[in-house]
Amino acid sequence: MAGNGVASIGECMLELSGQTGPNWRMGFAGDTFNTLWALHALSEDRPATYVSAFGDDPFSQGQIGFFAENGIGIGSSPIIAGARPGLYAITLTGAERSFTYWRGDAAARQLASDPAALSKNLENQALVYFSGITLAILDDAARKTLLAAVAKARAAGSLIAFDPNYRPRLWRTREDAQAAIVEALGVTDIALPTFPDEQMLFEDATPQATAERLRQRVGEVVIKNGEQPALIAENGTLHDVPAIHVAAAVDTTGAGDSFNGGYLAARLAGHGPREAASRAHRVAAAVVQVRGALAPFETLRAAFEN
């Protein structure tokens, strides 16, 4: 029987943003952490666990401390001697962002190194969330360990949500990515893809084509498409949910991740998919009006309830 908590699996990195001359602001972010941040802000009564692996250096300790200050635990995630977190820097052209990464030896790549601890982290969770980036940072054996743990949690009653979040540079080949993502969809209840990613990976011509392909494997599909409407596939029908245009966007980092968090929070609260997508659009619109991937909890809550 699933419990009340929410767990997100993946890599949280050091984030350098807000460059002013030679100076940068450092924070913590990563796709699955960004989603958990929003989900936790909007589901305060649910224990939140970020499932990963961490180093024992001061940056890792600071990261874990930051989680704790904001009510997010790490469960039984391993602490690995001599390891350290990955790092990325955001550069902006207007509000559009580009990223530079240093993550090849990040501790998070060992998040499945202790299968028993991984499974324990996923026990008694109402919802478990992971992404294609979670898959991409793992080797083949670790990926199988992860998917087995997710399948076990699902069999025990957890709702499983997955964003394919295809990033070509993280995969050896496009075919490897396709195979891993299709396997992950086999243990998924809610899929949260982004259309341009799916178009790049599977050559879908339209969001409707993506929906038709995915709903053969997953019961609930929500296709994000920037400022275009989100497309929802449920119970054999397709529905558009209009996005929100933000004229004064500051930074689009984390918008899709926050949409996912808003959508999942709404679904856990009992809202239907279309209402959940409307609330998620409002959350994403609020996030692009702040710098960095993590908006203040109050900002997220106000958008969600508006």
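What to note about this one:
- Phi angles of segment 236-253 translate, via the Karplus equation with coefficients 6.51, -1.76, 1.60 and θ = phi - 60°, into HN-Hα couplings of x, 10, 10, 9, 8, 10, x, 7, 10, 7, 10, 5, 10, 4, 9, 7, 7, 4 Hz per residue; Gly and Pro are given as x.
- Segment 127-234: Rg to Rh, with Rh as the Kirkwood radius over Cα pairs: 0.95
- Amide H partners (placed H, <5 Å) of residue 13, local residues excluded: 29, 30
- When only alpha carbons of segment 20-88 are considered, Rg and Dmax amount to 13.1, 41 Å.
- Remark on the chain: hydrodynamic radius 19.1 angstrom, per the Kirkwood mean of 1/r across alpha carbon pairs.
- C-alpha center-to-center spacing [segment 118-163, segment 1-66] in angstrom: 17 Å
- Accessible area per residue was computed with a 1.4 Å probe on protein heavy atoms; residue 40 scores about 20 Å².
- Take every pair of alpha-carbon atoms less than 8 Å apart whose residues are at least six positions apart; their mean separation over the length of the chain yields a relative contact order of 17 percent.
- Computed over all pairs of different Cα atoms, the Kirkwood value for the hydrodynamic radius of segment 1-46 is 12.5 Å.
- Helices in the chain that qualify as membrane-span-like (whole DSSP H runs, Cα extent of at least 24 Å along the helix axis, mean Kyte-Doolittle hydropathy of -1.0 or higher) do not occur.
- For segment 48-195: relative contact order, % (alpha-carbon pairs under 8 angstrom, 6 or more apart): 19 percent
- In summary, segment 179-279 shows an alpha-carbon radius of gyration equal to 1.05 times the 2.2 N^0.38 Å reference for compact globular proteins.
- For the chain, adding -39500 (n - 2.57) for each run of n ≥ 4 DSSP H residues and dividing by the number of residues yields -11500 deg cm²/dmol at 222 nm.
- For the chain, the per residue solvent-accessible surface stands at 41 Å², with DNA, RNA and ligands left out and a 1.4 Å probe.
- Computed from the C-alpha gyration tensor, the three semi-axes of the ellipsoid equivalent to segment 170-215 are 17, 15, 8 Å, from longest to shortest.
- Cα-based shape type of segment 29-148, given that a ≥ b ≥ c are square roots of the gyration tensor eigenvalues and the cut on a/c is 1.5: rounded
The values are calculated or read from the model by the stated rules, or taken from the named source; none is laboratory data. Keep in mind that this is a model prediction, so the values were computed, not measured. Keep in mind that these areas ignore ligands, DNA and RNA; they rest on the heavy atoms of the full protein, side chains included. Shrake-Rupley method; radii C 1.70, N 1.55, O 1.52, S 1.80 Å.
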